[in-house]
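Read the structure below first, then the notes.
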Amino acid sequence: MNILITNDDGIASEGLRILADVLRKEHSVWVIAPHMERSAASQSITLRKPVSLRKAGEQTYSCNGTPADCVLYGVGSVLPAVPDVVISGINRGENIGTDILYSGTVAAARQAVIMGIPGIALSCQIGDEAYRDAAELLNDELPKLIKLWNPRIVLSINVPGGYLPGNGMVPAVPSFHGSDQQVIEHSRGEGEVSYILADFREILAPGGGEMTDAQVLRTFRASLTPLLVEPAVDEASLDRLKEAYQARVEL
């Protein structure tokens, strides 16, 4: 397979290097990743100014744009052909629950799907062995994942630090991170105060009875979540809105 790898942790990321090393044993791999960390960049792309790609090795480029830029500007420029799949990762830390909304890792895979290319986001708890386990798991499952992919979804995989080879993946829905993340004072100077986010969130499970990504990780198995690439609509709320506005529409 021809594979494009990117991430949001930057071109020097250990997870990116390990993923490329594992996949290159069986596939033709290109790497285009941000020249610096771009975590929480979400789906942002660069407009009205040039995006540069700098050669950083064999079939490897650093990009001064966002993770989504790496895919958007990389495909059709330095790549000789459209890749069979875009894999974004291995992200340093999980991308579960509402973190998905901010994740540059997931966004790069989503950008691929927007362009009609299968996109997979791979995230993992920190550690060389965890990264290698995650990379090997993805390499083994890749043919099956490509067959299961459809043009409306981006696949998000999360691997726990305690994962053991053979534990496998479990389909799951996103959990919900509570809103208790606090803004705290970082420093104070004359006429200026700077703030930082406290890194603490409570993970809450949504209703519906489906196993969540957070719950799966606590069993030391990898979670596999199919995310809609387009903004989702709550059908029940849409029906209520139609009913509420029907009289006005009929006028």
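Taking the criterion of being more than 21 Å from residue 160 (Cα to Cα) and β-branched (Val, Ile, Thr), the residues of the range 102-138 that qualify are 113, 114, 117. Residue 104 meets all of the listed conditions (1) closer than 21 Å to residue 221 by Cβ; (2) in contact (Cβ under 8 Å) with a residue 60 or more places away in the chain but one, namely (1).
Filtered by the rule that a residue be touching a Gly at 6+ places or on another chain (Cβ under 8 Å) and farther than 17 Å from residue 76 by Cα, the range 1-35 gives 7, 8, 9, 15, 16, 19, 34, 35.
Just to be sure, is residue 117 farther than 17 Å from residue 36 by Cα and in contact (Cβ under 8 Å) with a residue 40 or more places away in the chain?
On the way: farther than 17 Å from residue 36 by Cα: yes; in contact (Cβ under 8 Å) with a residue 40 or more places away in the chain: yes.
Yes.
For (1) touching a strand residue (DSSP E or B) at 6+ places or on another chain (Cβ under 6 Å); (2) under 20 Å from residue 151 (Cβ atoms), each residue gets a yes or a no:
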residue	(1), (2)
83	yes, yes
97	yes, no
107	no, yes
110	yes, yes
117	yes, yes
125	no, no
130	yes, no
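With 157, 146 as the choices, which residue is touching a Leu at 6+ places or on another chain (Cβ under 6 Å), of a type outside the set (Gly, Ala, Ser) and outside any loop (DSSP other than H, G, I, E, B)?
Values: 146 fails: touching a Leu at 6+ places or on another chain (Cβ under 6 Å).
Answer to the selection: 157.
Just one of (1) assigned to a loop (DSSP other than H, G, I, E, B); (2) at pLDDT below 95; (3) out of contact with any Leu (no Cβ under 7 Å at 6 or more places or on another chain); (4) surrounded by fewer than 24 Cβ atoms within 10 Å (Cβ to Cβ) fails for residue 78. It is (3).
Per the listing 33, 12, 41, the residue uniquely part of a loop (DSSP other than H, G, I, E, B), in contact with a Ser or Thr (Cβ under 6 Å, 6 or more places away or on another chain) and of a type in the set (A, V, I, L, M, F, W, C) is 41.
The values are calculated or read from the model by the stated rules, or taken from the named source; none is laboratory data. Every value quoted in this text rests on a predicted model; they were computed, and no experiment measured them. Cβ coordinates were reconstructed from backbone atoms using ideal geometry, including for glycine residues, and neighbour counts include every protein chain displayed.
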